[in-house]
Amino acid sequence: DLRSELLKSIWYAFTALDVEKSGKVSKSQLKVLSHNLYTVLGIPHDPAALEEHFRDDDDGPVSSQGYMPYLNKYILDKVVEGTFVKENVDELCWTLTAKKNYRPEGKSVLPGTDAFRLWCLFIFLSEDRYPLVIVPDEVEYLLKKLCMAMSVELNCVELEDFISQDSVQQNGFTVWAFLKMMNSGKLTKGLAKETISMAIEEVYREIVGDVLKEGYLWKKGQLRRNWTERWFTLRPSTLVYFTSEDRKDRKGSIQLDGNCCVEVLPDRDGKRCMFCLKTLTKTYELSASDTKQRQEWTTAIQTAIRLYVEGKNSLHKDLKLKRREQREQREKRREAKEQELQRLRALQEERERKMAELELLKEAQRQAQALLEQDEQRRKQQHEQLQHALEIQLKEAEEARASMQAEMALKEAEAERQRTRIKELEAMQQRLEEALQQEIKARQDEEAFRYAQARLLAEEEEKMTSLMALREEQEEYIQRAHREKQELKQEMESKSRALDEAQIQLEEVRANRHRVDQDVVDAQRKLRQASTNVKHWNVQMNRLMHPIGPGEKKSTGGGSFSGFRIPSQKDPGLRLKQKTDDQNEESKENVENISGCEGDWLLSQTSNGDMEIS
């Protein structure tokens, strides 16, 4: 909204610099305009971009479309709401456009300030299209606001005279036509200029300045709790109060939000028409001059709170949009009525055409009737003249008359049938129109069905393609499965042969194991016999061995022997090891696990000198 309002004011400044009305402005003038816009909008100056965009070359002047990219990028995109005063921008643009276009005439000339404020009001209420115009309804709304501020009635006759002009009816009011109408004095006849200026300022502050209400109220202090009269100014988001109505000494402000509320209070402390404004942190007690003022203030504050809750920052912008929507709805209803009238006129013309045809038929019937009467009169005259001479032809004449009467009856019946036929044609035309509408609808349905059928055919073709691809994949899978089955069969045959060979080898290993087991049993038997012999000879050796004293001689013969302890078979150096082939590995483990005797062993020397272990 802010960009739109700024563009409207800048558009007037641009068109004011277009002296030749060619739609183009020289670069030097646009450079000065851009520099001034930087200043009033509070934007940091960018001399490099300004010089680069508006450097002197042979391109000539710039149109509004050529100026818009620079205006958007370097000016409007950098505008921050609240960092500048909108009125200063309007004054800059008004100064440029008023020098060229504002030439007041007549006795009742508005002061420059009032003309500027009316120009601002016009921009606010104008339509969002260029060149800027204001529709008659908005002009009437603005004039009613001004007259209400002046406490007078609007002169609707003079307003209708201005609105009845062809240029106004086609395009709407331009700002210069509006100011010319205000300067004419016809609408403000008999009013003082001070009254008009005060009313314009009040309406300007209300509509452009978003002031919902202004006036004096008594306010109770927060600390000293005394009552002081202050000038209050209500806007959609704040309630500001000053010392007096000149608004120079600001005493404070109250922020309005969705948590605020207004309540009416009973009279007390010598004050009447009291009400309070409650916020989250404070409660402000206020007193109006009368009940009407209290009602107006409470309603206005509730309106401001509602606008804040709805996220709207201007009451009159919202009202302008609603009036525009109402005008659009009225325009739509008017167009619908015009279409209905055109349809009724077409039906009336068709009915009139049919009535004209019926009148032509009736006229033809009357002419035929007149001709018949003339013929009848002529025949009567001839009959009177030839009555005596043509008695024989009397019967023929009577027959001819009867036939003519029958023909007349037939013609009347034909005319009645024609009237009936016309009614049938009217009914048939209505049925044909209904049938035409049904045919149009049927054709639309047929088009929709054809479109759906084409889409289904495309989907069916796509599915057939995917089905063929799946069939090819299935055939390839079947072939691959067949090949794998053949290979698996061959592999199973080879494994079966290998299993048979392994079975034969297992039988051979079992036979070898059996033989080894027999050998182990024999070895165990021999080991038991040897263990028995060792025990026997150990007993004998222990009995025969005795200690040899000093000086005793050893017995001769039989050789010498000495007793000693044989280590256990657990000694790794003396463990029995037997090497066999891979097939006798189990027999080897059985031989190693045989538990031997750990008793005393005897080493003796035989007669032939050999050593013997017992």
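The values are calculated or read from the model by the stated rules, or taken from the named source; none is laboratory data. No experiment lies behind these values; they were computed from the predicted model shown. Note that we place each Cβ from the backbone using ideal geometry, even for glycine, and neighbour counts take in every protein chain shown. For accessibility, only protein heavy atoms count, side chains too; no ligands or nucleic acids. Shrake-Rupley method; radii C 1.70, N 1.55, O 1.52, S 1.80 Å.
Using Cα positions and a limit of under 13 Å, work out the aspartates and glutamates in reach of LYS317, with same-chain residues fewer than 8 apart set aside.
ASP1, GLU5, GLU127, ASP128, GLU138, GLU206, ASP210, GLU325
Search the structure for amide H atoms under 5 Å from the amide H of CYS260, placed 1.01 Å from N in the peptide plane, and list their residues when 5 or more places away or on another chain.
none
In debye, nearest 20, what is the charge dipole magnitude of region 222-326 about its Cα centre with +1 on Lys and Arg Cβ and -1 on Asp and Glu Cβ, if you could check?
Dipole about the Cα centre, nearest 20: 240 debye.
Tell me the per residue accessible area of region 470-520 using a 1.4 Å probe; a whole number in Å² is fine.
94 Å²
Need the full-extension length gain, ARG224 to LYS278, defined as separation in residues times 0.36 nm minus the C-alpha distance. One decimal, nm.
Taking ARG224 through LYS278 to full extension adds about 17.6 nm, to one decimal.
Taking only protein heavy atoms and a 1.4 Å probe, what accessible area per residue, in Å², does region 197-242 have with all protein chains in place?
44 Å²
Would you tell me the accessible area of LEU6, worked out with a 1.4 angstrom probe on the heavy atoms of the protein chains, in Å² to the nearest 10?
Approximately 0 Å² of LEU6 is accessible to the 1.4 Å probe.
Classify region 189-342 as rounded, prolate or oblate, taking a ≥ b ≥ c as the square roots of the eigenvalues of its Cα gyration tensor: rounded when a/c is under 1.5, otherwise prolate if a/b is larger than b/c and oblate if not.
On the way: a/c = 2.53, a/b = 1.79, b/c = 1.41.
Prolate, because a/c is 1.5 or more and a/b exceeds b/c.
How many percent of the accessible area of region 232-282 is carbon or sulfur, using a 1.4 Å probe?
With neighbouring chains kept in place, the figure for region 232-282 is 44 percent.
Could you rank SER28, SER184, SER314 by how accessible they are, 1.4 Å probe, largest area first? Before the final figure, lay out the partial values.
Values: SER28 75, SER184 50, SER314 5 Å².
I get SER28, SER184, SER314, largest accessible area first.
Return the subset of LYS21/LYS322; LYS145/LYS322; LYS145/LYS292; LYS145/LYS213; LYS100/LYS180 for which the Cα-Cα distance in this structure is over 25 Å, preserving the input order.
Where the Cα-Cα span goes over 25 Å, the pairs concerned are LYS21/LYS322.
Compute, for GLU87, the solvent-accessible surface of its heavy atoms (probe 1.4 Å) with the complete set of protein chains present, and express it in square angstrom to the nearest 10.
70 Å²
Rounded, prolate or oblate: which fits region 208-296, taking a ≥ b ≥ c as square roots of the Cα gyration tensor eigenvalues, rounded meaning a/c under 1.5, else prolate when a/b beats b/c? The partial results should precede the final answer.
Values: a/c = 1.33, a/b = 1.21, b/c = 1.11.
Judged from the Cα gyration tensor, region 208-296 comes out rounded (a/c under 1.5).
³J(HN,Hα) across region 36-52 via Karplus (A = 6.51, B = -1.76, C = 1.60, θ = phi - 60°), whole Hz, x for Gly/Pro?
In residue order, the calculated couplings are 5, 5, 3, 5, 6, 8, x, 9, x, 5, 10, x, 5, 5, 5, 5, 5 Hz.
How large is ³J(HN,Hα), in whole Hz, for each residue of region 409-426 in order, when computed from phi with the Karplus curve 6.51 cos²θ - 1.76 cosθ + 1.60 and θ = phi - 60°, using x for Gly and Pro?
Those phi angles translate into 4, 5, 5, 4, 4, 5, 5, 5, 5, 5, 4, 4, 5, 5, 4, 5, 5, 4 Hz.
Amide H neighbours of THR238 under 5 Å, at least 5 residues apart or on other chains, H built in the peptide plane: list them.
LEU256
Cα gyration tensor of region 403-473, axes a ≥ b ≥ c as square roots of the eigenvalues: rounded (a/c below 1.5), prolate (a/b > b/c) or oblate?
Numbers: a/c = 15.86, a/b = 5.08, b/c = 3.12.
Prolate, because a/c is 1.5 or more and a/b exceeds b/c.
Among the aspartates and glutamates, which fall within straight-line cross-link reach of LYS337, defined as a Cα-Cα distance under 17 Å, with same-chain neighbours fewer than 8 residues apart omitted?
Correct list for LYS337: GLU328.
Of ARG353, ARG247, which has the most accessible area and how do the rest follow, probe 1.4 Å?
Of ARG353, ARG247, the descending order of accessible area is ARG353, ARG247.
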